[in-house]
Amino acid sequence: MSRIGKKPVPVPQGVTATVDGQTVTAKGPKGELKFVVNDEVLVKMEDGAVSVDPRDQSKDARSKWGMSRTQIANILQGVKDGFEKRLEINGVGYRAAMQGKNLQLSLGYSHDVVYEPPAGITLAVTKPTEIVVSGIDKQAVGQVASEIRKFRGPEPYKGKGVKYANETIVRKEGKKK
């Protein structure tokens, strides 16, 4: 039994959620999102909450049960509050700047890296060494943060590169004389 899947997802204040067959739609102050639930899972609206149940006790249905509930919870939270990920840049001469809507990164290459964010994602540079990725879709925010981090991931000796703000870099000891 899925412990997560058993709990109904309460609809927050200021958000309207509708269930139409296998499609869950959420509208809130930040925007509108839809999620199409897998056919193995039954979704229904009851008492101001969205509840999710497996259609049968097959392994496939039970494995998609908790995931579907979490996806619905994410779209409800996203249209109400949104999501954000913070990235930090470490290294001498490494910095970020906004160039219109695009992000310009100086990461030690012979050229600057210019990243164009997809629709629905907002990038902000609060300091030259800090980037904030925000949006209403949790998956898209994480994907964009991951793509930016990939340009120059943190290296284990000095910790130079782009890392998540809450990430801990396991440092290696350098050469000994």
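The values are calculated or read from the model by the stated rules, or taken from the named source; none is laboratory data. Note that the coordinates shown come from a computational prediction; the quantities given were computed from them, not determined experimentally. In this analysis, Cβ positions are derived from the backbone assuming ideal geometry, glycine residues included, and neighbour counts consider all displayed protein chains.
Please work out which residue is farthest from I148 (Cα to Cα), limiting yourself to the stretch 93-119 and to residues that are part of a loop (DSSP other than H, G, I, E, B) and among the charged types (D, E, K, R). Spell out the reasoning first.
Applying the first criterion (part of a loop (DSSP other than H, G, I, E, B)) to the stretch 93-119 yields 93-94, 100-101, 107-112, 116-119.
Pick out the ones that are also among the charged types (D, E, K, R) and you get 101, 112, 116.
Details: K101: 15, D112: 13, E116: 10 Å.
Result: K101.
Of (1) β-branched (V, I, T); (2) within 18 Å of E147 (Cα to Cα); (3) touching a residue at least 60 places away in the same chain (Cβ under 8 Å), T122 satisfies all except one. Which?
T122 satisfies all of (1) β-branched (V, I, T); (2) within 18 Å of E147 (Cα to Cα); (3) touching a residue at least 60 places away in the same chain (Cβ under 8 Å) except (3).
Could you check the stretch 9-40 and list, in sequence order, the residues that are surrounded by 12 or more Cβ atoms within 10 Å (Cβ to Cβ) and not in a strand (DSSP E or B)?
V11, P12, V15, Q22, K30, V37, N38, E40
Determine if the stretch 57-67 includes at least one residue that is outside the structural domain of E147 (by TED's automatic domain parsing), closer than 16 Å to Q139 by Cα and in contact with a helix residue (DSSP H, G or I) (Cβ under 9 Å, 6 or more places away or on another chain). It would help to see each step written out before you state the result.
Of the stretch 57-67, the ones outside the structural domain of E147 (by TED's automatic domain parsing) are 57-67.
From the residues that got through so far, the ones that are closer than 16 Å to Q139 by Cα too are 67.
Filter once more, so that each one left must be in contact with a helix residue (DSSP H, G or I) (Cβ under 9 Å, 6 or more places away or on another chain): 67.
For the stretch 57-67, residues outside the structural domain of E147 (by TED's automatic domain parsing), closer than 16 Å to Q139 by Cα and in contact with a helix residue (DSSP H, G or I) (Cβ under 9 Å, 6 or more places away or on another chain): present.
How about the stretch 59-92: which of its residues are outside any strand (DSSP E or B) and either within 15 Å of F151 (Cα to Cα) or aliphatic (A, V, I, L, M) (or both)?
First, the residues of the stretch 59-92 that are outside any strand (DSSP E or B): 59-82, 91-92.
Correct list: A61, M67, I72, A73, I75, L76, V79, G91, V92.
Q143 passes all but one of (1) surrounded by fewer than 18 Cβ atoms within 10 Å (Cβ to Cβ); (2) part of a strand (DSSP E or B); which number fails?
The single condition Q143 does not satisfy is (2).
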